[in-house]
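K.L.:
Once you've had a glance at the structure underneath, I'll fire off some questions.
The values are calculated or read from the model by the stated rules, or taken from the named source; none is laboratory data. Here the structure is a predicted model, which means the values were calculated and not measured. Glycine gets a Cβ as well: all are built from the backbone with ideal geometry, and neighbour counts include every protein chain shown. What goes into the accessible areas is simple: the full protein's heavy atoms, side chains included, and nothing from ligands, DNA or RNA. Shrake-Rupley method; radii C 1.70, N 1.55, O 1.52, S 1.80 Å.
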Amino acid sequence: QLQASGGGMVQVGGSLRLSCAVSGRTDSNYDMSWFRQAPTKDREFVAAIRWSGGTTYYADSVKGRFTISRDNAKNMQVLQMNSLKPEDTAVYYCAARRGRWAYPTADSTSYDSWGQGTQVTVSA
């Protein structure tokens with residue numbers, strides 16, 4: 001089970017930190033990721049991190065502004081979002097993919113567990 005938190009409203013250029021807590025697991029053999037969905041748009045990939053934490057992958061739209069990390073001892077992942085823009089406004093979802101994969105993926109259909117979503121609103 002995944003529980004996302006940390007969303008809110010922020011002005012352009014501001015920062016937010018999203019967290020995703022994983023419960024019901026005793027291992028860390030799963031990749032983790034963030035997706036987002038804005039009104040009237042499809043869900044899109046934001047960032048992913050490999051099960052070991054050594055490899056990350058970002059959408060071009062957030063590269064250089066967002067940082068994904070994870071703490072396997074705490075079964076948690078974090079998305080640090082800086083220099084936020086109005087187009088970052090969306091509901092953000094965390095997801096997990098079981099297995100010790102070589103690379104994380106941006107394919108949403110590959111993820112088998114999803115959190116409930118947390119709203120991020122960036123105002124001009």
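K.L.:
Can you tell me which residues in region 96-122 are in a loop (DSSP other than H, G, I, E, B), under 17 Å from Trp51 (Cα atoms) and among the polar types (S, T, N, Q)?
P.N.:
Thr105
K.L.:
Within region 52-69, identify whether any single residue is acidic (Asp, Glu), free of Cβ contacts under 8 Å to residues at least 12 places away in the same chain and more than 20 Å from Tyr103 (Cβ to Cβ), and answer yes or no.
P.N.:
Looking for residues that are acidic (Asp, Glu), free of Cβ contacts under 8 Å to residues at least 12 places away in the same chain and more than 20 Å from Tyr103 (Cβ to Cβ), one finds none in region 52-69, hence no.
K.L.:
Still on this structure, I have one more. Consider Thr89 against the criteria (1) surrounded by fewer than 16 Cβ atoms within 10 Å (Cβ to Cβ); (2) touching a strand residue (DSSP E or B) at 6+ places or on another chain (Cβ under 8 Å); (3) closer than 20 Å to Asp42 by Cα: it satisfies all of them except one. Which criterion is unmet?
P.N.:
(1)
K.L.:
Continuing with the same structure: Of all residues being open to solvent by less than 30 Å² (accessible area, probe 1.4 Å) and not in a strand (DSSP E or B) in region 29-59, which is farthest from Pro86 (Cα to Cα)? Just the residue, please.
P.N.:
Ala59
K.L.:
Considering only residues of region 97-124 that are of a type in the set (S, T, N, Q) and open to solvent by less than 70 Å² (accessible area, probe 1.4 Å), which is farthest from Val46 (Cα to Cα)?
P.N.:
Ranking the candidates gives Ser123 first.
K.L.:
Now a separate question. Report the residue count in region 72-86 for those that are open to solvent by 60 Å² or more (accessible area, probe 1.4 Å) and either aromatic (Phe, Trp, Tyr) or modelled with pLDDT under 95 (or both).
P.N.:
The number of residues fulfilling the criteria is 3.
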